[in-house]
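The values are calculated or read from the model by the stated rules, or taken from the named source; none is laboratory data. Everything numeric here is computed off the predicted structure, so don't read it as measured data. Cβ placement follows ideal geometry from the backbone for every residue including glycine, while neighbour counts extend to all protein chains displayed. Protein only, heavy atoms only, side chains kept; ligands, DNA and RNA dropped before computing areas. Shrake-Rupley method; radii C 1.70, N 1.55, O 1.52, S 1.80 Å.
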Amino acid sequence: MKNILGREVPQGFKAFNGSSEYKKVQFNRISKKKTSDGVIMLDSYADLFDKLGITDGMTLSFHHHLRNGDYVLDEVCKEIKKRDLKNMGFAPSSIFPNYSSMVELIENGNITSISTDYANGPVAAAISNGKLKDLFVMYTHGGRPVAIESGDLRIDVAILAVPTVDKNGNGTGEIGKSACGSLGYAVSDLMYADKVVLVTDNLVDSIEEPFLDGKYVDYVLKVDAIGDPAGIVSGTTKITKDPVGLKIARLAAAALDKIGLIKDGVSMQTGAGGTSLAVASFVKKMMQERGIKGSFASGGITGYFTDMLEEGLFDELYDVQCFDLSAVQSIAKNKNHHGMSGSRYASCFDDNVVDKLDFVILGATEIDLDFNVNVTTDSHGLIMGGSGGHSDTAHGAFVTVITTNLIKSRMPIIKEKVTTVTTPGEDVDILVTERGIAVNPKRQDILDKLSKSGLPVCTIEELLEKAYEITGTPSKPVQSKEPVGVVVYRDGTVIDTIYKI
């Protein structure tokens, strides 16, 4: 079976039929988890497995707010290996390189199914090589809460690393030696998993303003350390100094200005990459020079945006995860810096933040002539990322801008067809490269404004030809026919299939 994009959909999955279709789908939440009769304290990870009766075939979930510094998932893997449990399902909100202990468990059949929003490192490579028994499922940050709340992704036990927990099971990420800030991606797990365990290294008598409500918590485990907060910064979170990146950022900011989006009340989101933050820096300069005050910025928040909040350039920040320690410190002290759940951020069946964005700045591993974007695999099909909030924000924002070099590693970023579709082209409006700006033909309103702006506007086909003039026409990678995973759109339909490399 093929979906509207002509991409194969494995049997048993629903096909993506366009991002405008999801609002027609009936969304029924499962009954919310019953409130706990009290919190039971645990002594160790072994005690956790014994008291909860964790056994073969169960699905365990985790969050990724400590990112590359998380210890909890690795400790759970050690206990599974010790007990030689089989056919386990893992549902972490994202997978980072420090989760390498999962690889041996995948190879030995201890872990046979995995669902997540993002995957990078040894686990991603193992899945790409066909080592996982079941099909790997990649959600979006807004789609994962939908899957959990609807019962499509059923979690037996949520094991959640929480920097500070009180004796009633209330939790927060804002304080404690392992403070990581917002715990937005843990909320659906907390509310809908059959059993919930909070793992903490800071147990206190009470928390004045908890982010996680103790009424949903069954068990608390106190350990020496849940992770290393320094690992939160697991990528570029500084403005690029690369001249090409700065040129792209300057063009993107100028395009937003010509469209008329740099105005009082503007709402925006960027990624944490160097070029995205450079766009924000040029927008910031315009706001300062013109006395403009924005309404909010959202998403994963960095210190760059907390500085803008402190300077009065935004009224509020809505934060689903902190990308650096400056953001962690800000959310603990600034009343206008709000944590939010994954559902509040991007669920397509809720009143969400992404639908209120004026613009979003996103990146691309590949983009094709139909403006489909890939941030899930490289050009050979190796899993090295995932949607995260990419397709959520692309659909929600009034204007979606993709910024990227025209050529990377001597390869054109524009393809005739991307290797893997992460975000459909109908949700992408503008591509900005150092050699020109291409506007999706469906956005004639934007094209009319930019064609008179003096900016270097051209078609995406012309950009591809410019790339070929430099690199030549690259050979097309040969893709295997053996599926290893699926890319799921925010409404639960399959947008593409990932194949073994």
> Given the conditions (1) surrounded by 19 or more Cβ atoms within 10 Å (Cβ to Cβ); (2) closer than 29 Å to residue 329 by Cα, which single one is not true for residue 149?
Replying inline: (2)
> With respect to the numbered conditions (1) closer than 21 Å to residue 249 by Cα; (2) of a type outside the set (A, V, I, L, M, F, W, C); (3) in contact (Cβ under 8 Å) with a residue 24 or more places away in the chain; (4) out of contact with any strand residue (DSSP E or B) (no Cβ under 6 Å at 6 or more places or on another chain), which one is the sole condition not fulfilled by residue 396?
Replying inline: (1)
> In the stretch 65-87, what residues are within 12 Å of residue 159 (Cβ to Cβ) and either open to solvent by less than 10 Å² (accessible area, probe 1.4 Å) or assigned to a helix (DSSP H, G or I) (or both)?
Replying inline: 72, 73, 74, 75, 76, 77, 79, 80
> So residue 60 fits all but one of (1) in a loop (DSSP other than H, G, I, E, B); (2) crowded, with 21+ Cβ neighbours inside 10 Å; (3) at pLDDT 95 or above; what number is the exception?
Replying inline: (1)
> Can you name every residue in the stretch 231-273 that is open to solvent by less than 10 Å² (accessible area, probe 1.4 Å), closer than 27 Å to residue 67 by Cα and free of Cβ contacts under 8 Å to residues at least 60 places away in the same chain?
Replying inline: none
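This table checks each residue for (1) in contact (Cβ under 8 Å) with a residue 12 or more places away in the chain; (2) of a type in the set (Phe, Trp, Tyr); (3) touching a Lys or Arg at 6+ places or on another chain (Cβ under 8 Å); (4) closer than 23 Å to residue 342 by Cα.
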position: 1; (1), (2), (3), (4): yes, no, no, no
position: 5; (1), (2), (3), (4): yes, no, no, no
position: 27; (1), (2), (3), (4): yes, yes, no, yes
position: 37; (1), (2), (3), (4): no, no, no, no
position: 40; (1), (2), (3), (4): yes, no, yes, no
position: 47; (1), (2), (3), (4): yes, no, no, no
position: 57; (1), (2), (3), (4): yes, no, yes, no
position: 76; (1), (2), (3), (4): yes, no, no, no
>> For the stretch 139-159: of the residues being of a type in the set (Asp, Glu) and assigned to a loop (DSSP other than H, G, I, E, B), which is farthest from residue 117 (Cα to Cα)?
In response: 156
> Could you list, in sequence order, the residues of the stretch 179-194 that are touching a Ser or Thr at 6+ places or on another chain (Cβ under 8 Å) and part of a helix (DSSP H, G or I)?
Replying inline: 184, 185, 186, 187, 188, 189
> Within the stretch 467-501, which residues are touching a helix residue (DSSP H, G or I) at 6+ places or on another chain (Cβ under 6 Å) and among the charged types (D, E, K, R)?
Replying inline: 490, 491
> Does the stretch 81-122 hold any residues that are farther than 24 Å from residue 188 by Cα and hydrophobic (A, V, I, L, M, F, W, C), and which are they?
Replying inline: 85, 103, 105, 106
> Is one or more of the residues making up the stretch 161-178 acidic (Asp, Glu), closer than 24 Å to residue 318 by Cβ and outside any helix (DSSP H, G or I)?
Replying inline: yes
> What number of residues within the stretch 88-112 are open to solvent by less than 10 Å² (accessible area, probe 1.4 Å) and among the charged types (D, E, K, R)?
Replying inline: 0
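For (1) open to solvent by less than 20 Å² (accessible area, probe 1.4 Å); (2) among the aliphatic types (A, V, I, L, M); (3) more than 21 Å from the chain's Cα centre (by Cα), each residue gets a yes or a no:
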position	(1), (2), (3)
277	yes, yes, no
286	no, yes, yes
319	yes, no, no
329	no, no, yes
335	no, no, yes
> Among the numbered criteria (1) part of a loop (DSSP other than H, G, I, E, B); (2) in contact with a strand residue (DSSP E or B) (Cβ under 6 Å, 6 or more places away or on another chain); (3) more than 22 Å from residue 387 (Cα to Cα), which single criterion is violated by residue 48?
Replying inline: (1)
> For the stretch 107-132, how many residues meet the condition of being in contact (Cβ under 8 Å) with a residue 40 or more places away in the chain and within 21 Å of the chain's Cα centre (by Cα)?
Replying inline: 10
> Is one or more of the residues making up the stretch 202-211 open to solvent by 20 Å² or more (accessible area, probe 1.4 Å), among the hydrophobic types (A, V, I, L, M, F, W, C) and in contact with a Lys or Arg (Cβ under 6 Å, 6 or more places away or on another chain)?
Replying inline: yes
> Name the pairs whose Cβ atoms lie under 8 Å apart, with the first residue in the stretch 445-465 and closer than 16 Å to residue 404 by Cβ and surrounded by 13 or more Cβ atoms within 10 Å (Cβ to Cβ), the second hydroxyl-bearing (Ser, Thr, Tyr) and at pLDDT 95 or above, and 6 or more positions between them or separate chains?
Replying inline: 463/433
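Across the stretch 386-436, which residue is nearest to residue 359 (Cα to Cα) among those that are among the polar types (S, T, N, Q) and open to solvent by 30 Å² or more (accessible area, probe 1.4 Å)?
The qualifying residue nearest to residue 359 (Cα to Cα) is 405.
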>> For the stretch 337-348, which positions are farther than 16 Å from residue 93 by Cα and surrounded by fewer than 22 Cβ atoms within 10 Å (Cβ to Cβ)?
In response: 338
> Residues of the stretch 93-106 being touching a residue at least 60 places away in the same chain (Cβ under 8 Å) and either under 11 Å from residue 137 (Cα atoms) or over 16 Å from the mean Cα position of the chain (by Cα) (or both), which ones?
Replying inline: 98
>> Based on this model, can you work out whether residue 448 counts as among the acidic types (Asp, Glu) and under 17 Å from residue 368 (Cα atoms)?
In response: no
> Applying the selection to the stretch 88-111, what residues are under 19 Å from residue 71 (Cα atoms) and assigned to a helix (DSSP H, G or I)?
Replying inline: 97, 98, 99, 101, 102, 103, 104, 105, 106
